[in-house]
Amino acid sequence: MRHIYSIMLLSMLAISADAQDAFDAGDISSSDLNGTARFVGMGGALSALGADISTMSTNPAGTGLYRRSEFNMSLSGQFTDEGQLGHDAARMSFDNIGILCAFEMDDSGEGLQYFNFGFNYVKKRNHLANAFVNVSGLNGMFSQTYQIADYANLSNQTNSWGLLTDLACSSSNHAGILYEDNVNNEIVYNGQSAASGQYRRACYGSTSEADFNFSLNFSDKFFFGASLGIYNIDYTRESAYMEVASSADAYAYEIYNWAENSGEGVDVKLGMILRPFEDSPFRIGFSVHTPTWYRMTLANGATMCYDVDPSNHSYGQAYYLVSSDYEYSFRTPWKLDASLGYTIGKNFAIGLEYEMCDMGSARYSSLDDSHYSEDYVYFREVNDIISSTFKTQHTFKAGLEYKPIDDVSVRFGYNYVSSPFCKDGYRRELSYGGYATETDWTYWKAINRFTVGLGFKISSSSYLDFTYMAQFQKGDFYAFNDYYLDEATGITRYLPSSEIKNDRSQLMATFGVRF
């Protein structure tokens, strides 16, 4: 007995908007470790140590430790696993350009010592990612076509056809992946079990951040700062899922999906650093980041190809649909940060940092936030799912810098970013009458980042830094949501997860000038 619970759940979510879902909320809210090569080389643990332009985006008070003005810029090479869907596995990235102007106000050692202001552009996130998964556990019992058939039957009953059901049930194409029966003069769609499935994905684009910062230094003991952040998102996700049926007259089909997300946002960051002991360089930092308020646009579409040759992905016949642009608002969670910093002379520095972010508090809203609009109802449902899918994410950062000689610095860093997903998180369902065509999702696990860097003093006013970063992350991947009631045991069987990875590396360089 298949999908005995799906009718009730899908009826709740059958809203025409269907622009985004809980998993996209996590994607938009997350960020990378990025900035200057020194910042990355020390694992980003500079919020209490300060004196780096990249701290504008973590603890704005960090720029208050500057005593000279500075300009720098950074480039990097990004590397992932084998490229997919015609996209490369490596890309160049312009990661950072910033300027900080330091103004000495009083040299007496008391009161306001420095007033500093600056600007920094940084890639908050590089969306470069590639994935290839042989879907496990199908065993002739599960298939994407069962999920699509459920949607098709509901669409047929309500005459609310979305992109995915239109693809599967177009009069010229539905025979490619679904069976059609006539029951009491009603059309009923049925899927068929699969022998194998294969998933490919390529993501590219970036989320960029431009910070306008000012900071104050009082008596070299108290440092305060604020940054206004302006954000731009422009990234594309492409995926393709191919399935081979387990029946004697085995067929193969492939659904290719694409989604383009773009938008602009704004936030405010406030920070402070304290040096609590008169004769000690020990420092404590605190910062708070408001939510980023985004206005977003989504465009997406899909192509269904059937009579596919699975050995080389060659297509027999194809049918495609594209949605119109959809606009909506999105609010990321608040973020809190605490940090420690300590230096020994001019040759040794260590930084520790903790960041918390309640990912379950991210929220969608419609541009017309009327309580009577369909979009309002849809986003209320999705926001409830976000609350039950995500939990507080914890980030731990550690960094070390050592100067074996005056003109050379050696740096090491580490990040641990906990999984934002609840253990018993929501198994995603689509709105059958909406724009979405992707049926896959991933429960990502923790991220581990390791960094190592070298810094070289070129002259009294210029420097060149290099850093290498390696990131490792695994996840539980589901190509679709399928389940059935095992009548022999009375147990509901779910499609098992497949392992997916988001491993990548980065080699970056920063050139800077102090004046």
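The values are calculated or read from the model by the stated rules, or taken from the named source; none is laboratory data. Just so it is clear, the model here is predicted, and its values are computed rather than measured. Every residue, glycine as well, gets a Cβ built from its backbone with ideal geometry; the counts of neighbours run over all protein chains shown. These accessible areas exclude ligands, DNA and RNA; they are computed on the full protein's heavy atoms, side chains included. Shrake-Rupley method; radii C 1.70, N 1.55, O 1.52, S 1.80 Å.
Computed quantities for the displayed model
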{"quantity": "Residue (of Met508, Ala240, Gly77) at the positive-pole extreme of the chain, dipole from beta-carbon charges", "calculated": "Met508"}
{"quantity": "Whichever aspartates and glutamates have a C-alpha closer than 20 Å to that of Lys403, once near sequence neighbours (fewer than 8 apart) are set aside", "calculated": "Asp52, Asp465"}
{"quantity": "Unit charges on C-beta of K, R, D, E only; dipole of region 427-515, Debye", "calculated": "720 debye"}
{"quantity": "Surface/4 estimate of mean projected area, convex hull on alpha-carbon atoms of the chain, nm²", "calculated": "26.4 nm²"}
{"quantity": "Whole-number D in µm²/s for region 164-286 (Stokes-Einstein; Kirkwood sum over Cα pairs; 20 °C, 1.002 mPa s)", "calculated": "105 µm²/s"}
{"quantity": "Helical mean residue ellipticity (222 nm; -39500 (n - 2.57) per DSSP H run of 4+; nearest 500) of the chain", "calculated": "-3500 deg cm²/dmol"}
{"quantity": "Apportionment of accessible area to carbon and sulfur, the chain, percent (1.4 Å)", "calculated": "57 percent"}
{"quantity": "Rough spin-label spacing in nm, given labels placed 7 Å along Cα→Cβ, for Leu485 and Tyr416", "calculated": "4.4 nm"}
{"quantity": "Label point distance in nm, Lys221-Asp181, each placed 7 Å from Cα along Cα→Cβ", "calculated": "8.2 nm"}
{"quantity": "For region 118-234, convex hull volume per residue from C-alpha positions, Å³", "calculated": "207 Å³"}
{"quantity": "Packing-based order for 210-218, 448-456, 33-41, using average beta carbon neighbours within 10 Å, highest first", "calculated": "33-41, 210-218, 448-456"}
{"quantity": "For region 269-351, Kirkwood radius (reciprocal of mean inverse C-alpha pair distance, Å)", "calculated": "18.7 Å"}
{"quantity": "Crossing angle, helix 144-158 versus the chain [Cα axis fit, 0-90 degrees, rounded to tens]", "calculated": "70 degrees"}
{"quantity": "Rg and Dmax [Cα atoms of region 439-494; Å; Rg one decimal, Dmax integer]", "calculated": "24.2, 79"}
{"quantity": "Rg ratio (alpha-carbon, reference 2.2 N^0.38 Å) - region 44-176", "calculated": "1.94"}
{"quantity": "Accessible area per residue, Å², the chain with all protein chains present, probe 1.4 Å", "calculated": "41 Å²"}
{"quantity": "With Cα atoms, 0 to 90° folded angle of helix 374-389 axis to the chain main axis", "calculated": "70 degrees"}
{"quantity": "Candidate lysines - alpha carbon under 30 Å from Lys391, same-chain residues fewer than 8 apart omitted", "calculated": "Lys123, Lys124, Lys269, Lys335, Lys423, Lys445, Lys474, Lys501"}
{"quantity": "Charge dipole magnitude, Cβ of K and R +1, D and E -1 - the chain, Cα centre, debye nearest 20", "calculated": "1840 debye"}
